[in-house]
1. With a/c under 1.5 counting as rounded, go ahead and sort region 170-251 into rounded, prolate or oblate using the C-alpha gyration tensor (a ≥ b ≥ c being the square roots of the eigenvalues; past the cut-off, prolate if a/b is larger than b/c, else oblate).
2. Starting from the 7 Å offset along Cα-to-Cβ, what nm value, one decimal, do you get for the label separation of Asn139 and Asn49?
3. Could you tell me whether region 99-231 comes out rounded, prolate or oblate from its Cα gyration tensor? Rule is a ≥ b ≥ c as square roots of the eigenvalues, rounded for a/c under 1.5, then prolate if a/b exceeds b/c, otherwise oblate.
4. Identify the trypsin sites (Lys or Arg not before Pro) of region 73-172 meeting these criteria: DSSP loop state and at most 13 other C-beta atoms within 10 Å of the C-beta.
5. Given Cα pairs under 8 Å that are at least 6 residues apart, what percent is the relative contact order of the chain?
6. Output the pairs from Lys83/Lys193; Lys147/Lys199; Lys73/Lys172 with a Cα-Cα distance over 23 Å in this structure; if there are none, say none.
7. Return the long-range amide H neighbours of Trp197 (sequence gap of 5 or more, or a different chain), with a cut-off of under 5 Å between placed amide H atoms.
8. What list of ³J(HN,Hα) values in whole Hz, one per residue of region 173-184 in order, does the Karplus curve 6.51 cos²θ - 1.76 cosθ + 1.60 (θ = phi - 60°) give from phi, with Gly and Pro shown as x?
Amino acid sequence: IFDKNPFTNHHIMLITTLNLDIPLHAGDIPLFRSSIIELVGRENEIFHNHDNSSESEGHYHFGYPLVQYAVRKIRATIIGLGKGAEAIYQELLPKLGNGMELDGQRVLVRHYHIQQQEHEWEIRESPEEYGLYGWIGLNQRNYRRWKDQSNGLSRMEILSGALTGQLRSLGKTIGIDEPKQITAEVMEVHNQKRVRWHKTQLIRFHIRFRTNIFLPADIGIGRCVAFGYGQVLPVEVYRKIMVQRPVLVVD
C-alpha cells in the first residue's frame, strides 16, 4: 500500500478510486459520506477522520484525509490513498452488497468500477503546473487577511502561502523526509465564489498553480477535501474546462 524506495527519496503509494453506480449531486456528498460511515461502522476512523479515542465529540485527526468523497461523472465516488486504499478493499467492498441508507431511502449498489494506480511521490527540481478545481484555500484568519488586501498581488501571495502550507501537510502525512522543501505558487485565479460551511463563510477558487511536489490527478487539496473540494487536475484538462473563463483580477 505504501513503500519508501530505499535508494531514493521517492515514496510509492497505492491510490484507489471507487465509482459507484449511484447518481449524486455535489451538494449531497455529506449525506453520501454519512451513509458510507454507517455502512462500514464508526469504529473505522479512517472513513470519517474523527478521533474515537476521545471521550468528547468533535475531536478530529488533523492530518490529510486518506479517504475522500467526491462526485465524478455525476456518480458517487470514494478515493483512498495508502491506508485509505487498503480500507476501501478490506472494510467497504465486502459490505457494499448489503446496500445502504441514503437520505432515508434504501439504495442497492448493483455495479461499481474500481481503479488503482501507484503514485510515486517526489520533490522535483523544476515545478510543474496543475489546475485546482473548487479549492477552499483559506482558513478564517487567512480569509480576513485576504479580504483586507486591496492589492491583487498581495492576495495572490496569501493564496500561495496557504497552498504551500496545505501541500506541506500532505507531504508530512505521506512521509516526505523534508516537507518544508515543498513550495507552491498560485499563478491564475479563474473563478471565486462564497460558500458556507458549518455556518462559516469561506471562499472556493478555481486556480492554476505550480509546485515542486509531483501530484496525482483527482485527489483533493485544501480544506474540506473529504467532501469533494479541491480537485487536482492535469493542467491541460484544467485549461480545457476554463477556456471560457477569463482570468480574474481578484478584488
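Every number here is computed from the coordinates shown, using simple stated rules; none is lab data. Note that the structure is predicted; figures quoted are calculated from it, not measured. Neighbour counts are summed over all protein chains in view; Cβ atoms, including those assigned to glycine, are modelled from backbone coordinates with ideal geometry.
1. On the way: a/c = 1.83, a/b = 1.26, b/c = 1.46.
It comes out oblate by the Cα gyration axes.
2. Reported label-point gap for Asn139 and Asn49 is 1.3 nm.
3. Cα axes put region 99-231 in the oblate bin.
4. Lys73, Arg110
5. Numbers: 491 pairs, mean separation 58.3, N = 251.
Worked out over the chain, it gives 23 percent.
6. With Cα atoms farther than 23 Å apart: Lys83/Lys193; Lys73/Lys172.
7. Leu202
8. Going residue by residue, I get 5, 8, x, 4, 4, 10, x, 5, 6, 6, 10, 8 Hz, with x marking Gly and Pro.
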